[in-house]
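Only one structure is covered here, and it is reproduced in the block below.
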Amino acid sequence: MAVTTSNGTLPARTAPWHDPRKRAAFFQSLVLVLVAALIIWIVNNTLTNLARLNIASGYDFLERRAGFGVPMNLVDYSPDSTYLRAFGVGILNTLLVSALGIIASTLIGFFMGVARLSTNWLIRTMAAVYVEGMRNIPVLLQIFFWYFAVLGALPQPRQAVNVADSAFLSNRGLFVPAPVPQDYFWLTPIVFLLSVLAVIVLARWARRRRELTGQIFPTGKVSVALLFIPALVTWFATGAPLAWNFPSLQGFRFVGGLTIVPELVAVWFALSLYTGAFIAEAVRGGILAISKGQTQAARSLGLSAGQTLRLVIIPQAMRIIVPPVTNQYLSLTKNSSLGAAVGYPELMSVSGTMLNQTGQAVEVLGITMLVYGTICLVIALIMNVYNRLVRIPER
Amino acid sequence: MGARGKSMDTHPERAGAGPEGQHSPALAYPVGQHPQLPPPVVQTGPVAWVRDNLFGSPLDIAMTMCVAWLLYTLLPPFIDWAFVKGTLFGQSRQDCNPDGACWVFLKVRFDQFVYGFYPAGDHWRVNLTAAILAVLGLLFFVPRVPYKGVIALFSLTVFPVIAYVLLVGGVFGLEHVETPKWGGVFLTVLVSVAGIVLALALGIVLALGRQSPLPIISSICTAYIEFVRAVPFITILFMASVMLPLFLPEGVSLEKLLRAMIGTGLFWAAYMAEAVRGGLQALPRGQYEAASAIGLNYWKSMSFIVLPQALKHSIPGIMNTIISLVKDTTLLLLIGIFELLGIVQAAAADPKWLGNYVEGYVAVALVFFLFCFGMSRYSQQLEKRLDTGY
C-alpha cells in the first residue's frame, strides 16, 4: 500500500519478506527459473544423447518411404507411400473407430441408463450387472477378449459363416458387399441433405407458430414424409444407381466386397461396451437429479409416461448429462490408442512402427500427442456448442 | 371438507364396506375389534411382485421376455463350459475335456501369474513385503488405531526402503533379482501402489498450484494438467520408455520398471489434481478467509483448514482415479512389462496351452473386478463415515 502521510513521511516499513506482493513475485520467479532450468537441462541432455547415438532429428523423415504395410486403410496406401501418408492412414483409422464407438456407446449408454431406473426388476438388474461388470474390468482385457477369445475362435475363411451368399464371417473379418455408385448416384444424397435442411426449417417454423398461436403442427409425420419421399423418388427416377460388388472365396481368402477387419470389430465392440457403462451412469445420475415434482407435475397435466420422459425429464436432464458424457467421448477417443495392442492400425500403432523404424522418438511421439490433443479439443468444442444449445436459458 | 365427508358416507357402494360403516348389517365385528388379517395375496405376495416387477405393461412383458431369452441362450452354455465340463484336476492340456474350461491351466501356472518369473525359492520375500504392506494398510485404514501420522510417515519413508531391500536384494545375503523377472499380480500391486502414492502427492500439489492466486504458478500447473489430460496414457508410457532415457544425462539410466512407475504417477497426477480441485472449489470462501483471519500462513491454512475438508469432498473423484489407475496398469504390457494381464496373455500364447485365452481372461477379470468393485464400495462407506453434514 503506497500510503504517505500529509507531511511526507512514509509509514512504518515492512520487511520485504513480509510484503505479500514481493514474496509472491519472488516465489513465482523462483518457480519460473526452476521450470526453465529443468526444460533447458532436458533439451540439452536430449540433444547430447541424440548426437551421441547418431539419431537424426528434424521432420525430413516424413517425406521418406514408409516401407511397412497396413492391414486396413481408408485412403490409398502402400509400403511405397511416405511416412506422412502413413500418419494420415493412422489418423483416419483412429477417427473411424472413435466415431463408430461414440455412436454405439451413446445408444448403449442411454438405453442402459434408462434401464437401470426401470420398474422392471429383471431389466434393472441386468443393466446394473452390465454397468458394474464393464466399469470394473480393464478395457484392454475386454479388447483382448473380443479379439483373441471371440473373433479368433471364428472359423477359417473356407468354413466361413455364410449369410445368403453375400456376407461372410470368418477369423479374417467380416466380408460384406461393397456399394459401387453408378451415374447420377450423387443426386440422391444431395436431395436427402436438402430434405434434412427443409425439416430443420419446418421444425423451427412449427415451434415458433406453436409458441405464438398454440396450434400444434404434426411435425413428426410431415418430417418423415419430407425426409424419405423426395430421396426415394430421385433414387428410382435415376434408375436405382447403385451396384454391389459381392465378396467371393478364391483359394484361401475372400476377394472383392468390403472387408471389416477383426481388429476394428474387437476394438469397436470393447470400447463401445466399456464406455457405454460410464455413459449409462451419467444418464442415470442426470435423470435422478431431476426432482420427482417435475414428473408429478407433468403427469398431473395429463402427459403420458413417455411424454413426461421426452418433453419434461430428458430436456432438463441433458444439461447435467452432457458434461460427463463429453468426458467419456474424450476418454473413448484416447482409449482407441489401445487398438495398437491387437494390431488395429490406428495412430498409436502406426507411430509405434514408425518410432521403431526411424528411432526419432521425439518427433514421432510429439506429432502423435499433438494429433490426439487436437482431436480431443475439437470434440470438446463441439460438445460445448451442443451444451450451450441444450442449456436452459436462465432468466 | 364437510361436504366431501357427507357425500362419501352416502355413496351407495361405500356405505357398509369400510370398518367405519357401523350401521351396516354386513359388519361382522364391533368397531375396533377387527382381527389383524394379512393383506390380500394378489397385492403383496410373490404373484403381485412378479406382476409389478416383471409384467407391468405390454412393453415390460416384451422386455422381460427378451432378457429371459438372452439369459437362456447365454447362461446354460457358460455354466456347462465352466463347471459341468470344466476340468480342475490334472497336469497338462491333455487332461482337459476339450469341450469345457481347462482350469488346470490356471492351476499349473498359478505361481507365475502371482509372482512372474521371480525365483521360486524367494517367493517368501514378495509375501513378506505384501504382508508388511497389508499390516500398514490395515493400521492406516481402521479408524480406531491411533498415531495415523506416524504410520503414514513410516509407510512413506521406511517401508519403501524395506521393500526395496527385500524385493531387489543384493544385500544381507539376499540374492539379487532383476526387475525383468518380476511379474504377475505382484507387479500389478507394486505399480499400482507406487503410482497411487506418487499421483496423490503430486496431484495435491498441482491442484493447490492451479487454484493459487499467483498467476505464473497457476498457469504452469494448468498447462501441465491440461496437456496430460489431452493425450492417451499409452503415449506417456511410450515417452517414459523411449524418451525418458534421452532426457537424462549420459551415464544415468533408470530401470524400465522404474520409468514405467514414474510415467504412471506423472500421468495420473493430472487426473488426481482435477479430483482434488473439485473438492477445493466446493469449499466455501469463508473457510479460506477465516484461516487468514486467525493469522495462519498459506501452508498452515492449507494443511489444517482447507485440505482436510477439501480431500473429504473429493473422495469419490480420488477413488475413481485410483480405480482407473489400477485398471490401466494393464497397459504396461504394451511396453514389455509382464503385469497380470501381460503374463496371462503370454502364457495363453504358449503352444502347450494355446487357446486357453478365455480361462485366463476370466481369472484376470475376476481379480480386477473384485478389487475395483471393492474399492468403490469402500469409498461409499468412507464417504458416509466422514460425512459431518457440512
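No lab work stands behind these numbers, since they all come straight from the coordinates. None of these values were measured; they are calculated from a predicted model. Glycine gets a Cβ as well: all are built from the backbone with ideal geometry, and neighbour counts include every protein chain shown.
Collect residues whose amide H, placed 1.01 Å from N in the peptide plane, falls under 5 Å from the amide H of A:Leu258; neighbours closer than 5 in sequence don't count.
It is A:Val176, A:Ala178, by chain and number.
In whole Hz, what ³J(HN,Hα) sequence does the stretch B:243-253 give by Karplus (6.51, -1.76, 1.60; θ = phi - 60°), x for Gly and Pro?
Calculated HN-Hα couplings, in order: 8, 4, x, 6, 6, 8, x, 4, x, 8, 9 Hz.
Using the membrane-span-like helix rule (whole DSSP H runs, Cα extent along the own axis of at least 24 Å, mean Kyte-Doolittle hydropathy at least -1.0), which helices of chain A qualify?
A:20-53, A:83-115, A:187-213, A:219-237, A:262-289, A:314-335, A:361-390
Just want the answer: with Cβ charges of +1 for Lys and Arg and -1 for Asp and Glu, which residue in A:Ala298, A:Ala243, A:Thr259 is farthest toward the dipole's positive end in chain A?
A:Ala298
Could you give the distance between the Cα centres of the stretch B:249-264 and the stretch B:85-118, to the whole Å?
35
Can you tell me the 0 to 90 degree angle between the C-alpha axis of helix B:148-168 and the longest principal axis of chain B, rounded to 10?
50
What does the charge count near A:Pro138 come to, summing +1 for each Lys or Arg and -1 for each Asp or Glu among other residues with Cβ under 15 Å from its Cβ?
0
The stretch B:114-193: which chymotrypsin sites (Phe, Trp or Tyr not before Pro) are DSSP loop and have at most 12 other beta-carbon atoms within 10 angstrom?
Within the stretch B:114-193, the qualifying chymotrypsin sites (Phe, Trp or Tyr not before Pro) (loop, at most 12 other Cβ atoms within 10 Å) are B:Tyr147, B:Phe172.
On a 32 Å Cα-Cα criterion, which of the cross-link pairs A:Lys334/B:Lys107; B:Lys107/B:Lys384; B:Lys327/B:Lys384; A:Lys292/B:Lys148 come out too long?
Table pairs above 32 Å Cα-Cα are A:Lys334/B:Lys107; B:Lys107/B:Lys384; A:Lys292/B:Lys148.
With each run of n ≥ 4 DSSP H residues scored as -39500 (n - 2.57), what mean residue ellipticity at 222 nm is computed for chain A after dividing by its residue count and rounding to the nearest 500 deg cm²/dmol?
After summing the helix terms and dividing by the residues of chain A, the value is -20500 deg cm²/dmol.
Can you run phi through the Karplus equation (6.51, -1.76, 1.60; θ = phi - 60°) for the stretch A:63-70 and list ³J(HN,Hα) in whole Hz, with x for Gly and Pro?
8, 7, 6, 6, x, 10, x, 10
Convert each backbone phi in the stretch B:295-308 into a coupling constant with the Karplus relation 6.51 cos²θ - 1.76 cosθ + 1.60 (shift: θ = phi - 60°), then list the ³J(HN,Hα) values in order as whole Hz, x for Gly and Pro.
Each residue's phi maps through the Karplus curve to give x, 7, 7, 4, 5, 5, 5, 5, 7, 9, 10, 7, 4, x Hz.
Hey, got a sec? Which chymotrypsin sites (Phe, Trp or Tyr not before Pro) in the stretch A:197-294 land in a DSSP loop and have at most 14 other Cβ atoms within 10 Å?
Passing sites in the stretch A:197-294 are A:Phe252.
So which cysteines of chain B have no other cysteine's Cβ under 4.7 Å from theirs?
By the Cβ distance rule, which asks for a partner under 4.7 Å, the isolated cysteines are B:Cys66, B:Cys221, B:Cys372.
Counting only residues 5 or more places away or on other chains, whose amide H sits under 5 Å from the amide H of B:Gly86 once H atoms are built in the peptide plane?
For B:Gly86, the qualifying residues are B:Ala101.
Starting with the fewest neighbours, write out B:His176, B:His123, B:His34 ranked by other beta-carbon atoms found within 10 Å of each beta-carbon.
B:His176, B:His34, B:His123
By counting other Cβ atoms within 10 Å of each Cβ, how are B:Thr235, A:Thr125 ranked from fewest to most?
With the sparsest Cβ surroundings first, the list reads A:Thr125, B:Thr235.
What residues have an amide H closer than 5 Å to that of A:Leu242, excluding those fewer than 5 places away on the same chain, when H is modeled at 1.01 Å from N in the peptide plane?
Placed amide hydrogens put A:Gln182 under 5 Å from A:Leu242.
Please give the calculated 222 nm ellipticity per residue for chain B, where each DSSP H segment of at least 4 residues contributes -39500 (n - 2.57) and the sum is spread over every residue; nearest 500 deg cm²/dmol?
Calculated from helices alone, the mean residue ellipticity at 222 nm is -20000 deg cm²/dmol.
Please compute, for the alpha-carbon atoms of the protein assembly as shown, the extent along each of the three principal axes and give them in descending order in Å.
102, 96, 69
For a footprinting-style exposure proxy, rank B:Val171, A:Val322 by other Cβ within 10 Å, fewest first.
The order, fewest Cβ neighbours first, is B:Val171, A:Val322.
Please identify every one of the trypsin sites (Lys or Arg not before Pro) in the stretch B:84-171 that sits in a loop by DSSP and has no more than 16 other beta carbons within 10 Å of its own beta carbon.
B:Lys85, B:Arg144
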